[in-house]
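The values are calculated or read from the model by the stated rules, or taken from the named source; none is laboratory data. Predicted, not measured: the structure shown is a model, and the values here were computed from it. Backbone-built Cβ (ideal geometry, glycine too); neighbour counts: all protein chains shown. Surface areas here come from the heavy atoms of the whole protein model, side chains and all, with no ligands, DNA or RNA. Shrake-Rupley method; radii C 1.70, N 1.55, O 1.52, S 1.80 Å.
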Amino acid sequence: MRAELKYGLLAGFAVCLWMLIEYALGLHTKYLDAWQYTDAASFIVFVPPLWLLLKSRQAALAPGEPLSLLVAVLQAMLMSLIAALVIYVFTVAYTFFLNPGWVDTVLAWKVEHWRAAHETEESIRRQITSYRNLHAPVGLAASLLISTPLLGGILAVFLTVWLNLRARRAR
């Protein structure tokens, strides 16, 4: 099995597990104030599989040879695309079968905050429509298939530099 596939599946399932843990803790229903932070921090589960991918690629190189930044970013983006496909399937199933009311719950919470911030009703309606479109199957596909590989590529830059610095110091 190719490393990108293996670690992409691992990252995808890790994000799905993260979402299930959030759901089990009530973060998608009762504790939305805490959910906004755990949702924003969900990228953390991408770091270990990505690090393992890049570490395996570095191990395949000759001693002292640095890991190419371009190759690392492309491999990370491929791994992240595979993860995004897994996350997409899970998120659609989650939204329509496991917790079908979660989008409405989050929107009610967001509308409450928007009104408290004195946003106009027209602005609130636009944001509601955008949020619903984003969480429909087409919107999820578009957002996940763009943002997840982009995130993987950005993280790969930092991890590659870190791995190359560590390899240089080990010589």
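Here are the numbers for the structure shown:
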quantity	calculated
Rounded tilt (10° steps) of 137-170 against the dominant C-alpha axis of the chain	30 degrees
Heavy-atom accessible area order for TYR23, TYR131, TYR31, largest first, 1.4 Å probe	TYR31, TYR23, TYR131
Per-selection Rg to Rh, the stretch 19-65 - Cα, Kirkwood hydrodynamic radius	1.33
Intensity falloff of the stretch 1-111 expressed as log10 I(q)/I(0), Debye formula with alpha-carbon point scatterers, at q = 0.15 Å⁻¹	-0.70
17 Å Cα-Cα reach of LYS55 towards aspartates and glutamates, excluding residues that sit fewer than 8 places from it in its own chain	GLU4, GLU65
Area accessible to solvent at LYS6, 1.4 Å probe radius, in Å²	100 Å²
Calculated SAXS-style log₁₀ I(q)/I(0) at q = 0.20, 0.26 Å⁻¹ - the stretch 98-171, Debye, Cα scatterers	-0.90, -1.09
Nearest-10 value in Å² for the accessible area of SER143, using the 1.4 Å probe	40 Å²
Hydrodynamic radius of the stretch 41-171 per Kirkwood, over alpha carbon pairs, in Å	17.2 Å
Among GLN36, ALA116, LEU150 - extreme Cα towards positive end, dipole of the chain, charges at beta-carbon	LEU150
LEU85 accessible area, assembled protein chains, probe 1.4 Å, Å²	90 Å²
Protein-only accessible surface order, largest first, of PHE90, PHE158, PHE96 at 1.4 Å	PHE158, PHE96, PHE90
Ellipticity estimate at 222 nm from DSSP helix runs (n ≥ 4, -39,500 (n - 2.57)) divided over the chain, nearest 500	-26500 deg cm²/dmol
Angle in degrees between helix 47-59 and the longest Cα principal axis of the chain, rounded to the nearest 10	20 degrees
Student exercise, the stretch 56-131 dipole from Lys, Arg, Asp, Glu Cβ charges, in Debye to nearest 20	120 debye
Cα centroid separation - the stretch 1-60 against the stretch 112-171, whole Å	14 Å
Point-charge dipole on Cβ atoms (K/R +1, D/E -1) for the stretch 1-136, about Cα centre, debye to 20	340 debye
Accessible surface ranking that places the most exposed of ILE154, ILE146 first, with a 1.4 angstrom probe	ILE146, ILE154
Whole-percent carbon and sulfur share, accessible surface of the stretch 26-152, 1.4 Å	69 percent
In range of the label at MET1: residues from the stretch 65-97 whose backbone nitrogen is under 19 Å from the point 7 Å along Cα→Cβ	75-90
